[in-house]
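Comments concern the structure below.
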Amino acid sequence: MSRALFWILLALLIYFAVRSKLRAARKQQMHVPPQQQPYAPPPAAIENMTSCAECGLHFPASEALHAGGHDYCSSAHVPAHLR
């Protein structure tokens, strides 16, 4: 009987020791100071999109070719649409 009681008490002691270590680790992880947090790059700037008057392809407005009041994705589409 005393041997069984010894093993039960030992198992409870190990259980509570592991549980307290896990709680301490979780608490320390939640309270990481800002300088230790991983670096996050700033979000990329949002750019306006436009579509080609010839083929309808959507692309960034900064890459557009402007002719005849329309936007084009390539120089090959400019004369094709202006005819």
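Of (1) exposed (fewer than 10 other Cβ atoms within 10 Å of the Cβ); (2) modelled with pLDDT of 85 or more; (3) within 23 Å of the chain's Cα centre (by Cα), residue 34 satisfies all except one. Which?
(2)
Which pairs do you get when a residue that is under 13 Å from residue 78 (Cα atoms), found in region 50-65, comes within reach of a residue that is open to solvent by 80 Å² or more (accessible area, probe 1.4 Å) and of a type in the set (Gly, Ala, Ser), reach meaning Cβ atoms under 7 angstrom, with the pair 6+ apart or on two chains?
Partner pairs satisfying both residue conditions: 65/75.
Do we have residue 57 as modelled with pLDDT of 90 or more, open to solvent by less than 100 Å² (accessible area, probe 1.4 Å) and not β-branched (Val, Ile, Thr) here?
So residue 57 fits the description; yes.
May I ask you to list the residues in region 60-83 that are buried (at least 16 other Cβ atoms within 10 Å of the Cβ), touching an Asp or Glu at 6+ places or on another chain (Cβ under 9 Å) and not in a helix (DSSP H, G or I)?
64, 70, 72, 73
The values are calculated or read from the model by the stated rules, or taken from the named source; none is laboratory data. Quantities reported herein were computed from a predicted structural model and do not represent experimental measurements. Here the Cβ is made from the backbone with ideal geometry for all residues, glycine too, and neighbour counts use every protein chain on show. In case anyone asks, the SASA skips ligands and DNA or RNA and just uses the protein heavy atoms, side chains included. Shrake-Rupley method; radii C 1.70, N 1.55, O 1.52, S 1.80 Å.
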